[in-house]
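What follows is one structure encoded as structure tokens, with my remarks underneath.
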Amino acid sequence: MTCLTLALASHSLAQPIGQEFSVPNLLNNGAETRVPLSDLLAHGKLLFNANWTEQEGGGRPLTKGTGRPLSDPSQHLIGTRAFNRISGPDANSCAGCHNAPYGISGGGGDFVTNVFVLGQRFDFATFDPNDKLATRGSADEEGRAASMETMSNLRATTGLFRSGYLEMLARQITADLQAIRARMPGRVGCRGWDDRAQPEPRRCHDG
């Protein structure tokens, strides 16, 4: 028996029948500070391109696209209700939408991957005129029947290049503001802090 056969046999024994993981090995918290940068970037690309399965936590059976609980928790978003382009956006992979130009991971997207902003406040968009429960599938917050024009706003899939640096800048500014808040002498103002303290975040120059 060859080494390859032994490797395949041991792999099949380690994977129970029916188990499907797109990323079987994940980094532990804090490992990003010890892993070489090249390996870290490769792992990030793997995560971005992975087609996540239900066994890995893919899907949101009990929540809206906003993260809030469903308006009708008795109708879980599973099976044929697991995916919906309008009240999603739902996808198996980050790269499923962010792949332009030339199939490059992290880029923008074609028209077919456009996002329906605000549509995610609905459980599962159906446009069923008989559905009167607010934000379940057709009726809006005021009970009015929603249409494609009123349920959401169409937006192109944006490119993510350089967004990591912007996120890190936002984290630094947040940390600065939190540190300023922690140094405030007292929370006596009507807004919950000492009105005499004036937070001054770092100045940002882009370009």
Could you go through region 98-111 and let me know if any residue there is touching a Leu at 6+ places or on another chain (Cβ under 6 Å), surrounded by 15 or more Cβ atoms within 10 Å (Cβ to Cβ), on the phi > 0 side of the Ramachandran plot and touching a residue at least 24 places away in the same chain (Cβ under 8 Å).
yes
What residue, of 129, 89, is touching a strand residue (DSSP E or B) at 6+ places or on another chain (Cβ under 6 Å) and farther than 15 Å from residue 157 by Cβ?
129
From the residues in region 34-53 that are modelled with pLDDT of 90 or more and among the polar types (S, T, N, Q), which one is farthest from residue 20 (Cα to Cα)?
38
Pairs where the first residue, in region 71-88, is touching a residue at least 40 places away in the same chain (Cβ under 8 Å) and the second is in a loop (DSSP other than H, G, I, E, B) and among the basic types (Lys, Arg), C-beta under 7 Å, 6+ apart:
71/136; 72/136; 77/60
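So that you can scan it fast, the table gives a plain yes or no per residue for (1) in contact with a strand residue (DSSP E or B) (Cβ under 7 Å, 6 or more places away or on another chain); (2) of a type in the set (Asp, Glu); (3) part of a helix (DSSP H, G or I):
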{"site": "19", "(1), (2), (3)": "no, no, no"}
{"site": "22", "(1), (2), (3)": "no, no, no"}
{"site": "35", "(1), (2), (3)": "no, no, no"}
{"site": "39", "(1), (2), (3)": "no, yes, yes"}
{"site": "46", "(1), (2), (3)": "no, no, yes"}
{"site": "58", "(1), (2), (3)": "no, no, no"}
{"site": "74", "(1), (2), (3)": "no, no, no"}
{"site": "84", "(1), (2), (3)": "no, no, no"}
Look through 161, 116, 124, 111 and report the one residue that is over 26 Å from residue 68 (Cα atoms), within 18 Å of the chain's Cα centre (by Cα), among the hydrophobic types (A, V, I, L, M, F, W, C) and at pLDDT 85 or above.
161
Contacts under 8 angstrom Cβ, first residue in region 123-146 being without any contact (Cβ under 8 Å) to a residue 60 or more places away in the chain, partner in a strand (DSSP E or B) and surrounded by fewer than 16 Cβ atoms within 10 Å (Cβ to Cβ), 6 or more apart:
127/145; 129/145; 138/145; 139/145
Taking residue 171 as the residue in question, decide whether it is at pLDDT 85 or above, loosely packed, with under 11 Cβ neighbours inside 10 Å, part of a helix (DSSP H, G or I) and not aliphatic (A, V, I, L, M).
yes
Members of region 53-74 that are among the polar types (S, T, N, Q) and surrounded by fewer than 16 Cβ atoms within 10 Å (Cβ to Cβ)
53, 55, 63, 66, 74
Can you find a residue that is surrounded by 15 or more Cβ atoms within 10 Å (Cβ to Cβ), under 17 Å from residue 67 (Cβ atoms) and either among the β-branched types (Val, Ile, Thr) or at pLDDT 95 or above (or both) anywhere in region 87-97?
no
Could you run through region 32-64 and say how many residues are touching a Ser or Thr at 6+ places or on another chain (Cβ under 9 Å) and among the acidic types (Asp, Glu)?
1
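The values are calculated or read from the model by the stated rules, or taken from the named source; none is laboratory data. Computed from a predicted model, the values in this text were never measured in an experiment. Here Cβ is always computed from backbone atoms with ideal geometry, including for glycine, and neighbour counts include all displayed protein chains.
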